[in-house]
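Written out below as structure tokens is the structure these notes cover.
The values are calculated or read from the model by the stated rules, or taken from the named source; none is laboratory data. Everything quoted here is computed from the prediction, not taken from an experiment. Quick reminder, even Gly has a Cβ in these numbers, built from the backbone with ideal geometry, and neighbours come from all protein chains shown.
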């Protein structure tokens, strides 16, 4: 092997490709600002009028998942820790299955816009407010990471000003989110998904040609210990094993697909429940395709730099810059292709950030504004929704500054979702799966789960686990034709990830640090979910939860599963599931109408509610 050539720079064609992606994304937003009469109601803006179909929604779900964090972080993960990352394919299957068969049926039949409306229906306003606030904080922080990631790549590849690119990311996303609403978000995601797959494909094909074929890449990976897929060690302190990925990965990603507003908002905007489920299952194919591309890119990175690691050799300052470095190394003779990859990274950001902004606007309007200002017209709510998009776009740009302190992006992003998403997943699971859960149990359980996950999550930031827990693989530099500060570069990296900016150094390790704080980051979510569930159930039982009667619409029932087969029956049997129980204009959620009618004794029609 030889050291890579001098890295090139962007040329005119790269800028043309990159700018073209931005212009098309903006044009889609402008089109949906006026198509079909524009965004006349908040439902048009936030839910696409609930007339979306499965295929574009599935591509949108996939594109949002395939953020810049995935594009930059996943190959770097494989390069440094091996191909065990491919086991996430099994976790994704369970994630989609649980989301489609447990959470989707309940959310869809209630016709809600914000998932946190469910918490008020099932428990009370206080629980709903807690869920809303947690979601807003989690999403703004995560979106900050997603904005910062491509800015880092562009800074490395093109020399663009880092914070200028951060601002540009937020501005473009906010522009088409504010103009076109959910329809613009979904259809720009469809376009951007194509760009992202093209970017990945260009890297894989060129790397295979340069390295002498895919077989050579896999042989190099095998010889370098990168094909370490099967590790059945049950120790929860090991960063990645078969069990931490299957169990922890399922919990972590279910917090996103099952109950996170960004994802749920899109599949419940489908025109029928069948289309909504179909969008999730088609999306699973997209997730697998992304995962395979990420792993192959990571193995190609190792094959190319197995004897001259750019990170150890100080050619890049962070592992997340390895992919852009590889792109300019192998694609510099093909004008436009480096621009395609950076457009791929940028597309990942735009798709995720636009979904987050739209979801934040929906939650704010439905949970914080509509309940307190019932006299507002749908037109006014639409304008407010657009204003919220602008506000959250600005906030997310600000949070990118915090993200720059978080260390490696992939683990930081999943840690945030685990710490905050886990207790929220536990809260929704408590409501949907536990008939005797009450509002007191829900609140106490949420606090307990939050304490558990924050305790271990913050502890892991302050006292990162030692290499024997994370098992980083060797990264060699003996093939580099240079020295660094006069020292021959024949070293291996010691730390598994860029350590957190909050790490406390020179402290004596205690059993608490080496055990509790070394828990795999994928278990943060599991801990928060199970803590919320168990504490919530105990408190509910001890505070009279068994005495309450709960409307079966708020629970997962046998009928929800059996209705999967309604498509084979006559249409009259599926009327309750073919469309959302909502009307054009007026009150947003008939389930709330129903509760108000019962409380005020203005109607005797209970529609099956047991009071």
In this structure, is residue 228 surrounded by fewer than 24 Cβ atoms within 10 Å (Cβ to Cβ) and either touching a strand residue (DSSP E or B) at 6+ places or on another chain (Cβ under 6 Å) or free of Cβ contacts under 8 Å to residues at least 12 places away in the same chain (or both)? no
Members of segment 146-198 that are at pLDDT below 85, out of contact with any helix residue (DSSP H, G or I) (no Cβ under 8 Å at 6 or more places or on another chain) and within 19 Å of residue 17 (Cβ to Cβ): 159, 168
Selected residue [touching a residue at least 40 places away in the same chain (Cβ under 8 Å), surrounded by 24 or more Cβ atoms within 10 Å (Cβ to Cβ) and out of contact with any strand residue (DSSP E or B) (no Cβ under 6 Å at 6 or more places or on another chain)] from 71, 86: 71
Output the residues belonging to segment 21-42 that are in contact with a helix residue (DSSP H, G or I) (Cβ under 6 Å, 6 or more places away or on another chain) and under 21 Å from residue 365 (Cβ atoms). 29, 32, 33, 39, 41, 42
Helices (runs of 4 or more DSSP H) contained entirely in segment 246-336, each with at least 2 residues that are under 14 Å from residue 65 (Cα atoms): 249-257, 261-267, 273-305
Inspect all residues belonging to segment 199-221 and state whether any of them is crowded, with 17+ Cβ neighbours inside 10 Å, under 23 Å from the mean Cα position of the chain (by Cα) and in a helix (DSSP H, G or I). yes
Only one of (1) at pLDDT 95 or above; (2) crowded, with 24+ Cβ neighbours inside 10 Å; (3) closer than 24 Å to residue 560 by Cβ does not apply to residue 281, and that is (2)
Evaluation of residue 232 against (1) at pLDDT 90 or above; (2) part of a helix (DSSP H, G or I) (one fails), failing number: (2)
In segment 285-318, which residues are closer than 21 Å to residue 421 by Cβ and crowded, with 22+ Cβ neighbours inside 10 Å? 287, 290
Under the condition of being touching a residue at least 12 places away in the same chain (Cβ under 8 Å) and in a helix (DSSP H, G or I), which residue from segment 459-470 is farthest from the chain's Cα centre (by Cα)? 467
Can you find a residue in segment 428-447 that is over 20 Å from residue 258 (Cβ atoms), under 24 Å from the mean Cα position of the chain (by Cα) and part of a helix (DSSP H, G or I)? yes
Of all residues in segment 515-549, which are assigned to a loop (DSSP other than H, G, I, E, B), surrounded by fewer than 18 Cβ atoms within 10 Å (Cβ to Cβ) and at pLDDT below 90? 515, 544, 548, 549
